[in-house]
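Colleague: Have a look at this one before I ask anything.
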């Protein structure tokens, strides 16, 4: 029995008919510095304002963008759950508005070699995470590394953040190209929504998306849709310097209102009618059992 089959059996054994499944949303970008982590945190705040329970997984290994913006240093990370026997509640740090935060740490690649007992322990904890959150936001690293692509194909719901800079658009296309080539990518079960960040207005945002979509439609089999835009806003930059999400620092800022609109679209029942919640245990089963 290979590890992927072991995982399926473990998840099935830990499943209950009415067990809730969290909605897993992965936020990514083709290059750094485009506002990916800001987007993850501010969407989390807006989801909380809508009554959703939210946990962010910082999968940008080697960096600490989320914890810096939270103004909190986590005592433990995901690797402590995997290798040190900590439970899921031990590794969650609670930030503003009770948004949960899990530091990814490093070494997740080694999860593909874990024993059945370890896998069972991890899945049991991830099942608890599904019960603790309505939405889990995964903040990936930037670029097209193998680790980033594994998170993207495991998620099924991807928010791609890009800016009007030509290099950002090019790198976004490169990311989608790499995703398209991934052996486990399915355009039938993966939704890619584009967010135009640092734009002057809606017209610039739509022009940006049009440029990206024109080359994607021509060369790739990756359906993409336009979710919305976040305007260039000095109040957002000010909030970052103060280690505070702009959605809390200035509720009437242009950027805050834009995040509010994006969150509302993501929670719109009609737009999510075809959305299948996978849950966190199933999300990690794609990563752990990839071999």
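Any read-out appearing in this document is the output of simple, stated calculations on the displayed coordinates, not a laboratory observation. Computed from a predicted model, the values in this text were never measured in an experiment. Cβ placement follows ideal geometry from the backbone for every residue including glycine, while neighbour counts extend to all protein chains displayed.
Colleague: Using only the Cα atoms of segment 167-238, build the gyration tensor, take square roots of its eigenvalues as a ≥ b ≥ c, and label the shape rounded, prolate or oblate: rounded if a/c is under 1.5, else prolate if a/b is larger than b/c, else oblate.
Modeller: prolate
Colleague: Once Rh for segment 113-242 is found with the Kirkwood sum over Cα pairs, what is the Stokes-Einstein diffusion coefficient at 25 °C and 0.890 mPa s, in µm²/s?
Modeller: Numbers: Rh = 16.7 Å.
Roughly 147 µm²/s, to the nearest whole number.
Colleague: Highest mean first, how do 83-91, 66-74, 193-201 rank when packing is the count of other Cβ atoms within 10 Å averaged over residues?
Modeller: 193-201, 66-74, 83-91
Colleague: A further question on this structure: If I take R0 = 45 Å and measure r between the Cβ atoms of residue 203 and residue 75 in this structure, what FRET efficiency does the formula 1/(1 + (r/R0)^6) give, to the nearest 0.05? Spell out each step's value before the answer.
Modeller: On the way: r = 46 Å, r/R0 = 1.03.
Once rounded, the FRET efficiency stands at 0.45.
Colleague: Which order do peptides 176-186, 123-133, 21-31 fall in by mean Cβ count within 10 Å, highest first?
Modeller: Result, highest mean Cβ count within 10 Å first: 21-31, 123-133, 176-186.
Colleague: Right, something else. Assuming R0 = 22 Å, can you tell me the calculated FRET efficiency for the pair residue 213 and residue 182, based on Cβ-Cβ distance, to the nearest 0.05?
Modeller: Approximately 0.65, to the nearest 0.05.
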